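Engineer: The structure follows.
Laboratory data are not the source of any read-out in this text; all were calculated from the coordinates shown. Predicted model only: the values in this text are computed from it and were never measured. Neighbour counts are summed over all protein chains in view; Cβ atoms, including those assigned to glycine, are modelled from backbone coordinates with ideal geometry.
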Amino acid sequence: MEWLNYHHLRYFWVVAKEGGLKRAADKLHVSQPSISEQIKELEDAVGEPLFRRSGRSNVLTDAGQVVLRYAEEIFGLGAEMMRAVKQRPGLQSLRFYVGVADALPKLVVNEIIKPVLSMTQTVHILCREGKMEDLLAQLAAHKLDIVLADEPASSSLKFRAFTHLLGESAVCFCASSKLAARLRKGFPASLNDAPALLPSENTAMRRSLEKWFQEKQIRPRVIGEFDDAALMNVMAADEKGFVPIWKVILSEAAARFQLREIGAVDGCLQQFYAITAERRIVHPAAVTITEAAQAKLFAHST
């Protein structure tokens, strides 16, 4: 069995945290060559370079990112041990790295993640928002535990990723009270030439809506397209136009933005997914949110 030299790991951890050898040497009160030698021995032990040169700086490699993540857990656990021994209360936090596709509305993300905050064990959530391809690359490098998205992982990926359906939600159109009251009359034909605030064209919801508009022969007057659903809802609350809302968060959106339902977009269902690097979900927080989403959150949203 190979044993890890935690002294070497601590030097690596401090360099990564401090951002360079000089600052790490000052903090540890040792010479830079001594630190370099310790890190070189750690790299020899793991069989991978942990830093690479970028101009005058050292930046973490993919392997370095993985080692840093484990080092954070190891030294965090060490701090918990010291508190326990010295009888200072403190609960060990479970770190949960979540990637959030930028097209996913934050109200939906909030509802999906919310059960984690009720877990017996304290969970420290670290959310990273971005494009799907970037998030999946981080997942493959073990920088994320899970990716939440409104579309499954592509089958053309060069690494293994497993898509888990959380559930699906119907869509309805909403607007401020005054506009909603007007557009309810004669819906859906009333949406013709009505001011519309819609998601960006590259989103799954927008593609579904465009198909529905074509089937119903409706041409709304699109006055805004948004990557950020929250901003879209704020403008709708300011009576600028009608917006699509997932039924799974309809009550929350109505309360926060004072929006009222106009009518349902029949046949338009939006799926929500959790994507992991393993076939079976094992992280306790990931298990919690997927089970809660499948059993409760999306149970009555279609």
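Engineer: Among the lysines, select those whose C-alpha is under 22 Å from the C-alpha of residue 27, and discard any that sit fewer than 8 residues away in the same chain.
Structural biologist: Here the lysines satisfying the reach criterion relative to residue 27 are 17, 40.
Engineer: Here's a follow-up. Enter the angle in degrees (range 0 to 90, nearest 10) between the Cα long axis of helix 6-18 and the first principal axis of the Cα atoms of the chain, meaning the one along which they spread out most.
Structural biologist: 50 degrees
Engineer: If neighbour count is taken as other Cβ atoms inside 10 Å, put 3, 212 in order from fewest to most.
Structural biologist: Ascending Cβ contact count within 10 Å gives the list 3, 212.
Engineer: If you place +1 on the Cβ of every Lys and Arg and -1 on the Cβ of every Asp and Glu, how big does the dipole about the Cα centre of the chain come out, in debye to the nearest 20?
Structural biologist: So the magnitude is around 600 debye.
Engineer: If you don't mind, there's one more thing I want to ask. Provide the FRET efficiency to the nearest 0.05 for the residue 269-residue 126 pair, computing r from the beta carbons and using R0 = 35 Å.
Structural biologist: 0.70
Engineer: Can you count the Lys pairs in segment 94-302 with C-alpha separation below 26 Å, eight or more apart or on different chains?
Structural biologist: Within segment 94-302, the lysine pair count is 29.
Engineer: Let me ask something else. Of the listed values [x] 28, 45, 23, 4; [y] 33, 61, 6; [z] 33, 55, 12, identify the label whose number matches P(r) over Cα pairs in 20 Å bins from 0, in percent calculated from this model.
Structural biologist: Label of the calculated value: [x].
Engineer: Report the gain in length on full extension from residue 294 to residue 59: 0.36 nm times residue separation, minus Cα-Cα distance, nm rounded to one decimal.
Structural biologist: 80.6 nm
Engineer: Compute the signed sum of charges (Lys and Arg +1, Asp and Glu -1) over the other residues within less than 14 Å, Cβ to Cβ, of residue 175.
Structural biologist: +4
Engineer: Also: Of the options 254, 166, 119, report the single residue whose Cα projects farthest towards the positive end of the charge dipole of segment 94-302 (beta-carbon charges: Lys, Arg +1; Asp, Glu -1).
Structural biologist: Sorting the options by dipole projection puts first 254.
Engineer: Here's another thing I want to ask about it. Under 15 Å from the Cβ of residue 224, count the other residues' Cβ atoms, weight Lys and Arg +1, Asp and Glu -1, and hand me the total.
Structural biologist: Local charge sum for residue 224: -3.
Engineer: A further question on this structure: Provide the FRET efficiency to the nearest 0.05 for the residue 159-residue 34 pair, computing r from the beta carbons and using R0 = 25 Å.
Structural biologist: The formula returns an efficiency of 0.10 here.
Engineer: Taking the Cβ of each residue in 57, 200, 208, 155 as the centre, tally the other Cβ atoms inside 10 Å and list the residues starting with the fewest.
Structural biologist: The most exposed by this proxy come first: 155, 57, 200, 208.
Engineer: Let me ask you something else. So the label point goes 7 Å from the Cα of residue 178 along Cα→C-beta, right? Which residues of segment 240-282 then have their backbone N under 16 Å from it?
Structural biologist: 240-242, 258-260, by backbone N distance to the label point.
Engineer: OK, next. All other residues with a Cβ under 9 Å from the Cβ of residue 270 taken together, and with Lys, Arg as +1 and Asp, Glu as -1, what is their net charge?
Structural biologist: Charge balance near residue 270 sits at -2.
Engineer: Rounded to the nearest 5, what % of the DSSP beta bridges within the chain are antiparallel ones?
Structural biologist: Once the DSSP bridges in the chain are tallied, antiparallel ones form about 60 percent.
Engineer: Sort 174, 268, 127 so that the residue with the fewest other Cβ atoms within 10 Å of its own Cβ comes first and the one with the most comes last.
Structural biologist: Going from least to most buried by this count: 127, 268, 174.
Engineer: Summing -39500 (n - 2.57) over the DSSP H runs of n ≥ 4 in the chain and dividing by its residue number, what mean residue ellipticity at 222 nm do you reach, to the nearest 500 deg cm²/dmol?
Structural biologist: After summing the helix terms and dividing by the residues of the chain, the value is -12500 deg cm²/dmol.
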